[in-house]
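This report refers to the structure that appears directly beneath it.
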Amino acid sequence: MTEIRAALVGEAPLIRALMKGERLNPVGVDWRNFLVAEDAGAVIGIVQLRPAGVGAVEIGSLVVRADRRRGGLGRLLVDAAVAAAGSRRALIVTAFARARFYEAWGFSPIPARAAPWPVRLNLLLGQAGGLVALARGMRPRRLVVLDRPPGV
C-alpha cells in the first residue's frame, strides 16, 4: 500500500538520487520541502513544494521511480501537493508538452512576468539548462509557467 507523507531527514540522499536520475538539479534542495511516496518501506516517488513568495508555493521536482511509472502515482503526488498547498496560490514550471497533465487540478499557463520572482528564477534556470542541452546536441525542452489561483 502506497503512502504519501512528509519526507524524513534520512531520505535526503534518496531524494537527491531520484532528482539526478531525471536530470533535475539537486543542489540546494531542502528535504523538508518534499512529500514522498513510500511503498513497502521504499521511496518510490517525490514532489517538492518550495516557497514562492507571500501566499504562494511552487510545486516541482515531481519524480516517480522508473519501475513504478504508469500506475497513477504521479497523480497521487500532485493530489497531495495541491492539498498541501491549501489556500495558497500554487505554480509549476514544466515542459510545455506536459502542461495539459496539470489542467485537472485547475492549473493554466500564465506569462512568466506574472509569476513571483522565485518561480521566474526557476524558469530562467531551466531555460539555461536548455541551452546546455542544445550545446550538447540535444533538443531543449520548451518550458511554461502554470498557475493555480487560491480557492480553485
Residues of segment 76-87 satisfying the condition of being at pLDDT below 95 and open to solvent by 70 Å² or more (accessible area, probe 1.4 Å): SER87
Restricting to segment 12-21, name every residue that is surrounded by 12 or more Cβ atoms within 10 Å (Cβ to Cβ) and modelled with pLDDT of 90 or more. ALA12, LEU14, ILE15, ARG16, ALA17, LEU18, MET19
Select, from VAL47, VAL9, VAL57, the only residue that is over 21 Å from GLN127 (Cα atoms) and either surrounded by fewer than 19 Cβ atoms within 10 Å (Cβ to Cβ) or at pLDDT 95 or above (or both). VAL9
Tally the residues that are farther than 24 Å from LEU146 by Cα and in a strand (DSSP E or B), restricting the search to segment 11-70. 5
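The values are calculated or read from the model by the stated rules, or taken from the named source; none is laboratory data. This is a predicted model, so every value here is computed, not measured. Cβ: placed from backbone, ideal geometry, glycine included. Neighbour counts: every protein chain shown. When the accessible area is computed, the model is the full protein with side chains, heavy atoms only, and any ligands, DNA or RNA have been set aside. Shrake-Rupley method; radii C 1.70, N 1.55, O 1.52, S 1.80 Å.
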